[in-house]
Amino acid sequence: MPTPSSDDAFAEVKAKVDLVKVVQEHVRLTKRNKDFWGLCPFHQEDSPSFKVNPQMQSWYCFGCERSGDVFTFVELIEKTDKRGALQLLAERAGVELKKLSPEQKERSDSRKRLLAMLKLAAQFYEYVLWSTPAGEPGRRLLGSRQVKEETARRFQIGYDPAGRGFADYLRAKKRSLADAQEAGLLRRDGTDFFAERVVIPIRDERGQPLAFTARTVRQDEQRKYINSPETHVYVKGRVIFGLDLARDDIARRGHAVLMEGQFDVITAYGAGIQNAVASSGTALTDDQVRLLKRFTDELLLVFDADRAGRQAAQKAVLLAAGHQMRTRVATVEGAKDPDEFLRAAGDDAAKQWEQLATKAPSGFEFGMEEAAAGLNLSNANHVELAARRLREWIAQFPTPIQEEYRERAKRWMGVSGHLLAAEPDERRNSGRPNATKVGKNGLATPPAGKKMTVGRYLLQLLAVRPVAFDRVRTKITPDELDEEDRGIYVRMLETYERGGVFGLEKELAGYPAEEQDLIRRAWAAPPPNVDEEVAVELAERIRLDHMKGRHSGIIRELSEAERGKDSERVARLEAEARELARAIADMERRG
Ligand SMILES: [Zn+2]
């Protein structure tokens, strides 16, 4: 919550920094008329659609439609939050942020002390691991897991020797044992908390250690892993392991790989998969998703292969969907986790990983496969069971996307819609003998030809159910269709208007041969869902694609107009682009 005094700080900082100068450190800007233009740093583009208005101290990108002021710019470019942006800009402007109350000061000082202590501990463990004889058991363990020194050093892995190694070190250095205890590094009896363990720092996204997770080197130790207790600098559900190392690669590749264990991430890093992170010691939390969302919109989930791992993946899919993040789920085959999978692959790891990632279905599809796993979909009872699981799966997604998912589930399973419709009361309906109905006409063949476009699908549907034209023609105009679909669409529409639902049969002989072919094939093997609702949905998709195409066209025209210094045309195009962007956003929200 920003307090009034922090509002003042925002205003003061904003008055002292120049947005143009801040942007220029990241983007080459060219002045045209009153504004500055450049290539947008937040999306890929070849011609500038990123505009900075120096009078308003605001920026807008016509391509990705991001916009804001100097704080939002710094937030996005530095991948920080509002507070972080304020801090960075305040330093730059020489503005001192608000004075702290004595309690706040105390808290902030204690935080600083803990962080310094954690940093020192990480350095100590790392030193012991690589530079002392006492580090031998740790080196052996890493060797057996094929972790190379170079990789281990990136993660600042260390080793805490038996007994009181760290405590003695602190004493010798005259450092506070109380701080170390508070940071969870010493037990109450003064011995090291992580003695005889390989110690892995859990660092925040800027690389500051906040806690440790530690694996024993002893065979007889029951507790393989132990973790630092939560402190006021470490709340485990808020940290993402490996994010400090992965953030650049996440940006480069456009997605993060989310794993379960620290060693999964470490092994992946060593194998060249450097956009991997782990939720670290907990099931994925809302806070962690929010943190990841600052860096990417897409997660590739690669969890353990067992039942628990698959369930965790499903939960993560739902959690991410709640934050409008896309997910895909990869399954490691023949291994219990990504660590084992990658080690088994050896030198071939990067290639096998690529194949794994390419095959990964979307999170939603993964859930559908899980729902149907072990079932025989030519058995009507099994179909009903699968449909119930799918219904439950879909019901957990945010409401706006449920309808689309229901449609996709229908198409995917070839099951009729009523089986997937949301039912408030399962019990009441379960007695109905609808299983036989499904067996007879609920199952349909999957769409023929994998590369069917949305336009083609719509044409097939209209061939089988021409009455759908009544609704479709109010949704799209022919020029919104792809060129290759336009001719046949117009011809079929005219036929329908002349001859109604039987018109097509009468007039078909007069159609060009390839159009006859398409229609006859649709009649012989109808698309999976011959449903007017589906037709409307397809039409809307076509319309949306067309609008997006037009939007990028206008953006291209806009930069041309800029070059020609045609300010009237620029203004007109800008208005058009804005309106179109709004309409697209509107449609996407509804869809
Ligand atoms: Zn952009």
Go through (1) within 16 Å of the ligand (Cβ to nearest atom); (2) surrounded by fewer than 19 Cβ atoms within 10 Å (Cβ to Cβ); (3) at pLDDT below 85 for VAL27 and report which single condition fails. (2)
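So, ARG238, is that one over 14 Å from the mean Cα position of the chain (by Cα), modelled with pLDDT under 90, open to solvent by 10 Å² or more (accessible area, probe 1.4 Å) and over 22 Å from ASP192 (Cβ atoms) or not? Outline the logic, then answer.
On the way: over 14 Å from the mean Cα position of the chain (by Cα): yes; modelled with pLDDT under 90: yes; open to solvent by 10 Å² or more (accessible area, probe 1.4 Å): yes; over 22 Å from ASP192 (Cβ atoms): yes.
For ARG238, the condition - over 14 Å from the mean Cα position of the chain (by Cα), modelled with pLDDT under 90, open to solvent by 10 Å² or more (accessible area, probe 1.4 Å) and over 22 Å from ASP192 (Cβ atoms) - is met.
Among LYS79, LYS112, which is the only one that is more than 15 Å from the ligand (Cβ to nearest atom), more than 30 Å from GLY549 (Cβ to Cβ), open to solvent by 40 Å² or more (accessible area, probe 1.4 Å) and assigned to a loop (DSSP other than H, G, I, E, B)? Before the answer, list the steps.
Numbers: LYS112 fails: assigned to a loop (DSSP other than H, G, I, E, B).
None of the others qualify; the one that does is LYS79.
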Among VAL467, VAL472, which is closer than 30 Å to GLU497 by Cα, surrounded by 15 or more Cβ atoms within 10 Å (Cβ to Cβ) and modelled with pLDDT of 80 or more? VAL472
Taking the range 346-365 and keeping only residues that are touching a residue at least 12 places away in the same chain (Cβ under 8 Å) and surrounded by fewer than 22 Cβ atoms within 10 Å (Cβ to Cβ), one is left with ALA349, ALA350, LEU356, ALA357, LYS359, ALA360, PRO361, SER362, GLU365
Of (1) open to solvent by less than 10 Å² (accessible area, probe 1.4 Å); (2) in contact with a Pro (Cβ under 6 Å, 6 or more places away or on another chain), LEU508 satisfies all except one. Which? (2)
Quick check, is ALA85 part of a helix (DSSP H, G or I) and touching an Asp or Glu at 6+ places or on another chain (Cβ under 7 Å)? yes
Pairs please, first residue from the range 26-47 and aliphatic (A, V, I, L, M), second anywhere and more than 14 Å from the ligand (Cβ to nearest atom), Cβ atoms under 7 Å, 6+ apart in sequence or on different chains. LEU29/VAL20; LEU29/PHE36
Within the range 233-278, which residues are in a loop (DSSP other than H, G, I, E, B) and under 22 Å from GLU354 (Cα atoms)? GLY242, GLY254, HIS255, GLU260, GLY261, ALA271, GLY272, ILE273, GLN274, ASN275
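Would you check which residues across the range 180-209 are open to solvent by 20 Å² or more (accessible area, probe 1.4 Å) and either under 14 Å from PHE124 (Cα atoms) or of a type outside the set (Lys, Arg) (or both) and list them?
Across the range 180-209, the qualifying residues are GLN181, GLU182, ASP189, THR191, PHE193, ALA195, GLU196, ASP204, GLU205, GLY207, GLN208.
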Among the residues that make up the range 69-76, is at least one of them of a type in the set (A, V, I, L, M) and without any contact (Cβ under 8 Å) to a residue 40 or more places away in the chain? yes
Of all residues in the range 43-73 being within 10 Å of the ligand (Cβ to nearest atom) and open to solvent by 40 Å² or more (accessible area, probe 1.4 Å), which is farthest from ALA15 (Cα to Cα)? GLN44
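Which ones in the range 570-589 are acidic (Asp, Glu) and open to solvent by less than 40 Å² (accessible area, probe 1.4 Å)?
If we filter the range 570-589 for residues that are acidic (Asp, Glu), which is where we start, we get 574, 576, 579, 586, 588.
The answer is GLU574, and nothing else.
Which ones in the range 32-55 are closer than 17 Å to GLU574 by Cα and not polar (S, T, N, Q)? Reasoning before the result, please.
As a first pass, look at the range 32-55 and keep what is closer than 17 Å to GLU574 by Cα: 32-40, 47-53.
ARG32, LYS34, ASP35, PHE36, TRP37, GLY38, LEU39, CYS40, PRO48, PHE50, LYS51, VAL52, listed by residue number.
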Of everything in the range 30-42 that's in contact with a Pro (Cβ under 9 Å, 6 or more places away or on another chain) and part of a loop (DSSP other than H, G, I, E, B), which residue is nearest to the ligand (Cβ to nearest atom)? CYS40
In the range 347-400, the residues that are part of a loop (DSSP other than H, G, I, E, B) and either on the phi > 0 side of the Ramachandran plot or at pLDDT below 90 (or both): ALA373, GLY374, LEU375, ASN376, LEU377, SER378, ASN379, PRO398
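Could you check, for the range 330-338, whether at least one of its residues is under 30 Å from GLN146 (Cα atoms) and among the polar types (S, T, N, Q)? Don't jump to the end; show me each part of the working.
At the first step, the residues of the range 330-338 found to be under 30 Å from GLN146 (Cα atoms) are 330-338.
If we keep only those that are among the polar types (S, T, N, Q) too, we end up with 331.
Yes: one or more hits.
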Give the residues of the range 186-229 that are under 24 Å from ARG247 (Cβ atoms) and charged (D, E, K, R), sorted by residue number. ARG203, ASP204, GLU205, ARG206
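Can you tell me which of ARG145, ARG92, ARG107 is farther than 22 Å from ALA214 by Cβ, under 33 Å from the mean Cα position of the chain (by Cα) and at pLDDT below 95? Before the answer, list the steps.
Numbers: ARG145 fails: farther than 22 Å from ALA214 by Cβ; ARG107 fails: under 33 Å from the mean Cα position of the chain (by Cα).
It is ARG92.
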Going by the conditions given, is LEU318 surrounded by fewer than 24 Cβ atoms within 10 Å (Cβ to Cβ), closer than 17 Å to PHE366 by Cβ, touching a residue at least 40 places away in the same chain (Cβ under 8 Å) and among the hydrophobic types (A, V, I, L, M, F, W, C)? yes
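The values are calculated or read from the model by the stated rules, or taken from the named source; none is laboratory data. Note that the structure is predicted; figures quoted are calculated from it, not measured. All Cβ positions, even for glycine, are placed from backbone atoms using ideal geometry, and neighbour counts span all protein chains on display. Surface areas here come from the heavy atoms of the whole protein model, side chains and all, with no ligands, DNA or RNA. Shrake-Rupley method; radii C 1.70, N 1.55, O 1.52, S 1.80 Å.
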